[in-house]
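Below you'll find the structure, written out as structure tokens, and then a few comments.
Taken together, the values in this text are just the output of simple stated rules run on the coordinates, not laboratory data. This is a predicted model, so every value here is computed, not measured. Cβ: placed from backbone, ideal geometry, glycine included. Neighbour counts: every protein chain shown.
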Amino acid sequence: MKSGIELIADERRQQIEVHARTIELDLKYNSEKQLSVAAKRLLEFDPRETGRPLYWDRDIWNKLTGKDYKKRLIIAGALIAAEIDRLQNF
């Protein structure tokens, strides 16, 4: 079984390679800590109640919030890694 950090790293890799969510796009479209806001909201009991982060696509957000809690934890970890990457390249 993979460890938590391995699952998060796999998710981050998938964000970049499959969904083309690169650091460059994060720098361009995810200012104002939106990645960390998304991570926090995904950990809410019902993330749909808190609403999607500013400028995020409604369909993508609904897909993310429909995942089970474990998968939302993994995605949130990958989003935090993406925010760290964005800050390091800002």
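What is the distance, in nm, between label points placed 7 Å from the Cα along the Cα-to-Cβ direction at residue 22 and at residue 50?
3.0 nm
Provide the gained length on full extension for the span residue 32 to residue 88, in nm with one decimal, where the gain is 0.36 nm per separating residue minus the Cα-Cα distance.
Working: separation 56, 0.36 × 56 = 20.16 nm, distance 1.43 nm.
Full-extension gain reported as 18.7 nm.
What 222 nm value per residue comes from the helices of the chain, counting each DSSP H run with n ≥ 4 as -39,500 (n - 2.57) and dividing by all residues, nearest 500 deg cm²/dmol?
-20500 deg cm²/dmol
Give me D for the chain in µm² s⁻¹, whole number, from Stokes-Einstein with Rh from the Kirkwood sum over alpha-carbon pairs, 10 °C and 1.306 mPa s. Mind showing how you got there, number by number?
Details: Rh = 13.1 Å.
Value of D from the Cα-based Kirkwood radius: 121 µm²/s.
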